[in-house]
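Asks: Below: one structure in structure tokens.
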4 protein chains.
Amino acid sequence: MFGCSASAQVKTSRETKGQYLSANMAFSVGVMSAMYLCKGVSGAHLNPAVTLSFCSLGRVPWVKLLPYALCQVLGAYLASGLVFLVYYDAIMDFSGGNLTVYGANETASIFATYPVEHLSLSSSILDQVVATAMLMLCILPLDDQKNSPAPDALIPPIVAVVVLGIGMSMSSNCGGAINPARDLGPRLLTLTAGWGTEVFTCYNYWFWVPIMAPLLGGMVGSGMYLVFIAWHLPDLPTNPPIDSSSTKPTTEVWKQPPAPVKEGVELKTAIF
Amino acid sequence: MFGCSASAQVKTSRETKGQYLSANMAFSVGVMSAMYLCKGVSGAHLNPAVTLSFCSLGRVPWVKLLPYALCQVLGAYLASGLVFLVYYDAIMDFSGGNLTVYGANETASIFATYPVEHLSLSSSILDQVVATAMLMLCILPLDDQKNSPAPDALIPPIVAVVVLGIGMSMSSNCGGAINPARDLGPRLLTLTAGWGTEVFTCYNYWFWVPIMAPLLGGMVGSGMYLVFIAWHLPDLPTNPPIDSSSTKPTTEVWKQPPAPVKEGVELKTAIF
Amino acid sequence: MFGCSASAQVKTSRETKGQYLSANMAFSVGVMSAMYLCKGVSGAHLNPAVTLSFCSLGRVPWVKLLPYALCQVLGAYLASGLVFLVYYDAIMDFSGGNLTVYGANETASIFATYPVEHLSLSSSILDQVVATAMLMLCILPLDDQKNSPAPDALIPPIVAVVVLGIGMSMSSNCGGAINPARDLGPRLLTLTAGWGTEVFTCYNYWFWVPIMAPLLGGMVGSGMYLVFIAWHLPDLPTNPPIDSSSTKPTTEVWKQPPAPVKEGVELKTAIF
Amino acid sequence: MFGCSASAQVKTSRETKGQYLSANMAFSVGVMSAMYLCKGVSGAHLNPAVTLSFCSLGRVPWVKLLPYALCQVLGAYLASGLVFLVYYDAIMDFSGGNLTVYGANETASIFATYPVEHLSLSSSILDQVVATAMLMLCILPLDDQKNSPAPDALIPPIVAVVVLGIGMSMSSNCGGAINPARDLGPRLLTLTAGWGTEVFTCYNYWFWVPIMAPLLGGMVGSGMYLVFIAWHLPDLPTNPPIDSSSTKPTTEVWKQPPAPVKEGVELKTAIF
């Protein structure tokens, strides 16, 4: 889990030269690659808000929540540390060696998210709740066999597109964290790497918003999916339909080999 | 259906900071996610123009047209209301608190579509008819088993790409609504949220164009698909070919299990 | 074929407000949609250079070359005529009513391609030959069962990405036509719609380059694919391997139903 | 292999007019097309760093490393030569005929990569090691049947997205070569085409970094994948599970035809 999150989330905390759109796209590619990378080992838990939602949906045992979340934050911390090393020269050149949170040459927003000046506290909370709820509403149907699921092996790029969409539309207010680990890990990095305590105290201790609001938003989104979608979906036919009239040997041909495959698919995707 | 459209179309009415292209892409991602979200419950009816076309093609009963359309408008209204709340601070900061339709600080076009100054009425009608006809021509072949269909589970991202293409090429004249609900719902929101009646009266009561023209365009596109494409396609072979010479038990193996799958696919995709 | 090309190529000749990249992307989406639309009827022949290459490879009978090419040009002409109507107001507003080929307010390049000032004739020929050869090298492996083919139902979006790549990298010299019909049709439209004979005479009668060079480039690319790739591919195993030792009825189960599917796939994709 | 790399890598060394993002995207499309093109013949070896990693993982025999690497460099050299010819007029026009490595009108960076001014040697090495390690970490799971692999026929576009992501996030320091052949081949071209020995001597003989660092980074990434991911993956069930209790003929139906397919898939993808 360590190395997994670490190596994977390298991508999730970077912002290079280029357009605003590039950063959104790189973030999204990182999500895709991290999902392909970690699905086999840990089920691609990259986001505490998603893990919490899956716990509440009964797909992940509650006891795993805290260790997963800690690993996610640690992974993001290590990853952003690596980004800091790789871009050390560039950051020093840009900021003139003065690592700050405010001002034209601020570099803190490379790592963690910060709100824009005119944003009220309630708006920034609403922004993160809505964005994370949308994330859950967009990814929950993808592997719901009762809905119209996406191909299992292509879920990572589709989730990446969803993340890109949210990044393009919900990141202008306060950076669009939608992931407590993606925000807290890099913020801790900046705390220890020279930006000082201002990364936590700035904007009137705003740092708790991208931690708590996504957790709440994930629950809201999952609840909405249950109430408005999942409860209205017809039950799956027990698949394959047991046809008792057919001859034994041929039925066996269909019933038995697909069964383990099916189960494997559901188990694996249940916890992406 | 309510919650579905509401939560899904959140995306369809936003325009954040960033490039013109970003808005097109976010719109397109919203269409993809909404389709995955709603296909299982309602068949992913998001656009009254598409629903009307499907009614006229006999794929959706006429009696469902009005309730679907009303839900679509209501969903778009609620979704744009949520967008208004999330971006309330940003809109107030941008407009100086003065919500207008005309001028450099206008914010009405965040929600509904408006024509550019030099556009004649007939051109704007033609624009919307052509754009919506193209939409129908591009999505109808995707699930036509007689044509060369796309993979069923990947139709949402492909439709999203089509919507992106239309957004990039047909939105400069008058905003590229191609969806009466996507335009009317947010326009009603602006009416009630402080922009006043000008959102309907401006440009000489232009608001009816993005409502009626897409409906007409959808019919035109569906008709063209029938006349130029569908009627020229060879009939599907009755699938699977019944091979009367083979032994009973083995034929059963092939004939019976795929059949329900096939039917399920067609039923589900018939009304996306 | 008429309506097919006409409606499909609507997209291939437009350039709206927005970025240079948007035009490339819209062109590419148009190719994808046109392929889905027309594959069932005509095999998605959209480009005379590709059709010529397929004739020389023996995949399309030579007698179909000329009618296909004429329809492609006619389709592009009609499509660009529609674009002209939709954007009539915008073009008039931009150009001040003065439709020209040269100058800052020129609008001819909306439809056909023109070289940049510093480009020599031989360079523009080389540019189009290389670009079209690359197009053939990129699309020929996609349905070559001996190579590592792409999924048949996803070939249209992959070809679209290829076209986008060529558009992003080979269109700065002389517009990146790589398709005689896409260039000649809209050029004829501008001839008849008010730009005058200058669209053919300008740059020393340059118009023949985007017609002849892509045809040559397509042949070059196909030849290179044969020589460097196809001849080195191992033969396909006769699929499925006939296992003479197994019992008759069960073998039949595997051998006979997949066979027609396989053949159908190859037939359909043979002429995209 | 020659023609393969040559024709394929045409794309990998270009930078045309347009945005920074366009170049990244064109590079990425080139990788996708090259993989589809060459997978059947040579296994799509385009990058010596990847080939070296695969040798060390035991997927490619060591004896093939040097010939493959030489062909890759030669292919990149020929490809960039073709780009030089196609863009000869444009390069001469841009540079005023003065081909240089430094200055506002420099054109050397069209072909090879160069570091930015403020970059220390160690940072540039770290940058390339990290970027190439990320490349390996992102592509190794894609065909790992024990992990959650991507669809075999869609690996090329997914690798292309990974390359795009790295290009968008890791190319601002020193150009993001992540491929010794992609850098050395075009650099040799500029040496022989008029830029002179400065392309090797500049920045204190920096040219060896994009050769050696990606080789090292590929090994690091492969090692990390082994240690943190592959060793933690559950063993694949011997597929299909031999069910000794079922009747002979029907078991044969399932066991024997899928077997060769499976093997073929693994063999082919083992060396992309």
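Asks: Specify which of the listed residues (C:98, C:105) is at pLDDT below 80 and not acidic (Asp, Glu).
Replies: Residue meeting the stated conditions: C:105.
Asks: Contact list please: Cβ distance under 7 Å, first residue in the range A:132-146 and facing chain B (nearest Cβ under 7 Å) and small (Gly, Ala, Ser), second residue open to solvent by less than 10 Å² (accessible area, probe 1.4 Å) and part of a helix (DSSP H, G or I), pairs at least six apart or on different chains.
Replies: Close Cβ pairs satisfying both conditions: none exist.
Asks: Here's something else I'd like to know. Please list, ordered by first then second residue, the pairs with beta carbon atoms under 8 Å, 6 or more apart or interchain, first in the range C:44-58 and free of Cβ contacts under 8 Å to residues at least 40 places away in the same chain, second of a type in the set (Gly, Ala, Ser) and open to solvent by 10 Å² or more (accessible area, probe 1.4 Å).
Replies: C:51/C:69
Asks: Residues in the range C:199-216: is at least one under 26 Å from residue D:37 (Cα atoms), within 14 Å of chain D (Cβ to nearest Cβ) and either open to solvent by 30 Å² or more (accessible area, probe 1.4 Å) or at pLDDT 90 or above (or both)?
Replies: Scanning the range C:199-216 turns up at least one residue that is under 26 Å from residue D:37 (Cα atoms), within 14 Å of chain D (Cβ to nearest Cβ) and either open to solvent by 30 Å² or more (accessible area, probe 1.4 Å) or at pLDDT 90 or above (or both).
Asks: For the range B:156-193, give me each residue that is within 24 Å of residue A:149 (Cβ to Cβ), among the β-branched types (Val, Ile, Thr) and within 9 Å of another protein chain (Cβ to nearest Cβ). So that I can check it myself, show each step before the final result.
Replies: The first filter runs over the range B:156-193 and keeps only residues within 24 Å of residue A:149 (Cβ to Cβ), leaving B:156-164.
Subsequent filtering for residues that are among the β-branched types (Val, Ile, Thr) retains B:158-159, B:161-163.
Within the range B:156-193, B:158, B:161, B:162 qualify.
Asks: Shifting gears a bit: With the checklist (1) under 30 Å from residue B:45 (Cβ atoms); (2) open to solvent by 20 Å² or more (accessible area, probe 1.4 Å) in hand, flag the one item residue A:68 doesn't pass.
Replies: In the conditions (1) under 30 Å from residue B:45 (Cβ atoms); (2) open to solvent by 20 Å² or more (accessible area, probe 1.4 Å), residue A:68 misses (1) alone.
Asks: Please go through the range A:173-191 and pick out each residue that is charged (D, E, K, R) and open to solvent by 10 Å² or more (accessible area, probe 1.4 Å).
Replies: A:182
Asks: Please work out which residue is surrounded by the fewest Cβ atoms within 10 Å (Cβ to Cβ), limiting yourself to the range D:113-125 and to residues that are in contact (Cβ under 8 Å) with a residue 12 or more places away in the chain and farther than 11 Å from residue D:210 by Cα.
Replies: Checked the range D:113-125; the qualifying residue surrounded by the fewest Cβ atoms within 10 Å (Cβ to Cβ) is D:121.
Asks: Just checking: which of the helices (runs of 4 or more DSSP H) contained wholly in the range A:53-159 hold 1 or more residues that are within 28 Å of residue B:85 (Cβ to Cβ) and out of contact with any Gly (no Cβ under 6 Å at 6 or more places or on another chain)?
Replies: The qualifying helices (runs of 4 or more DSSP H) are A:121-139.
Asks: Going residue by residue through the range D:150-172, is there one that turns out to be of a type in the set (D, E, K, R) and either open to solvent by less than 20 Å² (accessible area, probe 1.4 Å) or modelled with pLDDT of 90 or more (or both)?
Replies: no
Asks: Being open to solvent by 20 Å² or more (accessible area, probe 1.4 Å), more than 14 Å from every other protein chain (Cβ to nearest Cβ) and over 19 Å from residue C:169 (Cα atoms) is the filter here, so list the residues in the range D:71-81 that pass it.
Replies: Residue satisfying the conditions is D:73 alone.
Asks: Here's something else I'd like to know. Could you grab me the full set of residues in the range A:160-176 that are farther than 17 Å from residue B:87 by Cβ and touching a residue at least 60 places away in the same chain (Cβ under 8 Å)?
Replies: Result: A:160, A:161, A:163, A:164.
Asks: Failed condition for residue D:84, given (1) under 19 Å from the mean Cα position of the chain (by Cα); (2) more than 10 Å from every other protein chain (Cβ to nearest Cβ); (3) open to solvent by 20 Å² or more (accessible area, probe 1.4 Å), with all others met?
Replies: (1)
Asks: Hey, does the range C:98-115 have a residue that's farther than 19 Å from residue C:195 by Cβ, in contact with a helix residue (DSSP H, G or I) (Cβ under 6 Å, 6 or more places away or on another chain) and more than 14 Å from chain B (Cβ to nearest Cβ)?
Replies: no
The values are calculated or read from the model by the stated rules, or taken from the named source; none is laboratory data. Since the structure is predicted, the reported quantities are computational estimates derived from the model, not experimental observations. Every residue, glycine among them, receives a Cβ derived from its backbone with ideal geometry; neighbour counts consider all protein chains shown. Accessible surface is based on the protein model in full, side chains and every heavy atom, while ligands, DNA and RNA are left aside. Shrake-Rupley method; radii C 1.70, N 1.55, O 1.52, S 1.80 Å.
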